[in-house]
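The values are calculated or read from the model by the stated rules, or taken from the named source; none is laboratory data. Predicted, not measured: the structure shown is a model, and the values here were computed from it. As a convention, Cβ positions derive from the backbone with ideal geometry for all residues, glycine included, and neighbour counts pool all protein chains shown. Quick note on the areas: whole protein, heavy atoms, side chains included, nothing else; ligands and nucleic acids left out. Shrake-Rupley method; radii C 1.70, N 1.55, O 1.52, S 1.80 Å.
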Amino acid sequence: MLYRRQARRYNTYKRKKTMLNPHPGLPEFTYVKLASLDEACGFLVEHAGEARLISGGTDLLVRMRDKAFKPAYVVDIKGLEGTDVLAFDPSSGLKIGAAVPMNRVVAHPDVQKHYPLLAQAAKSVASYQLRNRATIVGNICNASPAGDTLGACLLLGGRLNIYGKDGERFEDLVTFFKGPGKTSLQPGEIVTSINFPLPEKGATGTYLKLGRNKLSDLAIVGVTVYGFPDKMTESGFRIKVALASVAATPLMPPVVETVLSENEITEDTIQEAANASMDACFPIDDVRGSARYRKEMVRNLTRNAITEVWGQLQSRTENGLEANR
Ligand SMILES: Cc1cc2nc3c(=O)[nH]c(=O)nc-3n(C[C@H](O)[C@H](O)[C@H](O)COP(=O)(O)OP(=O)(O)OC[C@H]3O[C@@H](n4cnc5c(N)ncnc54)[C@H](O)[C@@H]3O)c2cc1C
């Protein structure tokens, strides 16, 4: 009798423990470290469907723990040619290798001076500890519509350097995202770096993120705005917007840019652009927020972000300053 009661208690304890920790551990896999891009690419082709690349591992290992991916092989990109580069050149721009952790990007003086929008977006990702591992290229290749750095990378004209079995190719980031977790990468292809041209003269930008808390949460909605003086437009400025967490891929609604290019920029124009931004997105309901709430927040955050950027552009124009150059 006593034994049966004890057994019952033990079973209840075990059940509760399983409920408290539904992810008891990583599945088994073989860690692979190869000497060159060529070898890594060959290995990926040979083991297509059963090998995955790892950079910081902050997405991959969580997905493996959650049993979303079960790769037999995890191939490390760290140490492969060109993946550790973080370099700025005043004529060609910025190059960020695929293995460079976000904290290194955020702290780099040339990133802070010439690409403060990128530093701001990277700094909004989770916590300092996580950013010691997480990379910008990992954020991109993970292809989550909620990725915090994707808007800045898109608006700053990011271009990926990709190594595959036929050698090197380049792809503009605008064509890279195909859906949640889906990209244009072909079997065996490895992103080695992302390159950014020099920002336009007088450019400025901001990233506004709405999360459930200030640390370590994905965006319910994220709005990136990037603008610069442009004599070819009616307004004298070109202001672009990118939206996170409101569609299957990051969105860059051209209608917002058109409203702000073709009209004198006033409070009413900014409100019109914010409404257009809201109308352009098609979010879903999920644990972080309803579709309706997200739409409202897109409008509010777009208005606030454009107002902030517009204010900076005006003061820079008045003071004759050339930002970020
Ligand atoms: C606690 C926590 C909080 C988080 N908070 C945020 C947040 O606030 N904002 C946010 O945007 N993200 C957040 N994330 C997600 C994650 O940290 C980021 O997406 C990060 O940038 C991923 O980079 P990584 O180097 O760790 O990628 P990895 O996990 O190494 O890789 C991600 C994906 O890209 C593929 N991959 C990696 N490198 C390459 C390559 N060179 N070529 C081709 N494919 C490649 C991998 O196979 C994998 O599918 C969070 C994650 C955790 C665990």
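Rounding to the nearest 10 and keeping the result within 0 to 90°, find how far the Cα-based axis of helix 267-280 lies from the longest principal axis of the chain.
40
Report the charge-dipole magnitude of the stretch 47-91 in Debye, nearest 20, computed about the Cα centre from +1 at each Lys and Arg Cβ and -1 at each Asp and Glu Cβ. Please list the in-between numbers first.
On the way: 6 positive and 7 negative charges, 80 e Å.
Taking the Cα centre of the stretch 47-91 as origin, the dipole is about 380 debye.
Run down the aspartates and glutamates and flag those whose C-alpha is under 14 Å from the C-alpha of Lys33, throwing out any fewer than 8 positions away in its chain.
Asp76, Glu81
Quick check for me: using +1 on Lys/Arg Cβ and -1 on Asp/Glu Cβ, what's the dipole size of the chain about its Cα centre, in debye to the nearest 20? Please report the intermediate quantities before stating the final value.
Working: 41 positive and 35 negative charges, 530 e Å.
It comes to approximately 2540 debye.
What FRET efficiency do you get for Arg292 and Gln314 if R0 is 30 Å and r is their Cβ-Cβ distance, rounded to the nearest 0.05? Provide the component values of the computation, followed by the final result.
Working: r = 34 Å, r/R0 = 1.12.
Computed FRET efficiency for Arg292 and Gln314: 0.35.
For the chain, which whole percent of the accessible surface, found with a 1.4 angstrom probe, sits on carbon and sulfur atoms?
Numbers: 8660 of 16680 Å².
For the chain, the apolar C and S fraction of the accessible surface comes to 52 percent.
Which pairs break 24 Å Cα to Cα here: Lys67/Lys209; Lys70/Lys178; Lys78/Lys123; Lys78/Lys240; Lys95/Lys214? Numbers along the way, then the final one.
Details: Lys67/Lys209 29 Å; Lys70/Lys178 22 Å; Lys78/Lys123 22 Å; Lys78/Lys240 34 Å; Lys95/Lys214 29 Å.
Checking Cα-Cα distances, Lys67/Lys209; Lys78/Lys240; Lys95/Lys214 exceed 24 Å.
Once fully extended, how much extra length lies between Lys33 and Ser91, figured as 0.36 nm per residue of separation less the alpha-carbon to alpha-carbon distance?
Numbers: separation 58, 0.36 × 58 = 20.88 nm, distance 3.47 nm.
Fully extending the segment from Lys33 to Ser91 adds 17.4 nm.
Skip the ligands, DNA and RNA, and give the accessible area per residue of the stretch 216-323 with a 1.4 Å probe, whole Å². Can you show the working numbers first?
Values: 5210 Å² over 108 residues.
Computed with neighbouring chains in place, this is 48 Å² per residue.
Against the longest principal axis of the chain, how steep is helix 2-20, in degrees 0 to 90 to the nearest 10, with axes from Cα atoms?
That helix lies at roughly 20 degrees to the long axis.
At a Förster radius of 25 Å, what calculated FRET efficiency corresponds to the Cβ-Cβ distance of Lys70 and Ile284, to the nearest 0.05? Before the final figure, lay out the partial values.
On the way: r = 26 Å, r/R0 = 1.04.
So, using R0 = 25 Å, E works out to roughly 0.45.
Kindly express, to the nearest 10 degrees and within the range 0 to 90, the angle between helix 291-319's C-alpha long axis and the longest C-alpha principal axis of the chain.
Rounded to the nearest ten degrees, it is 40.
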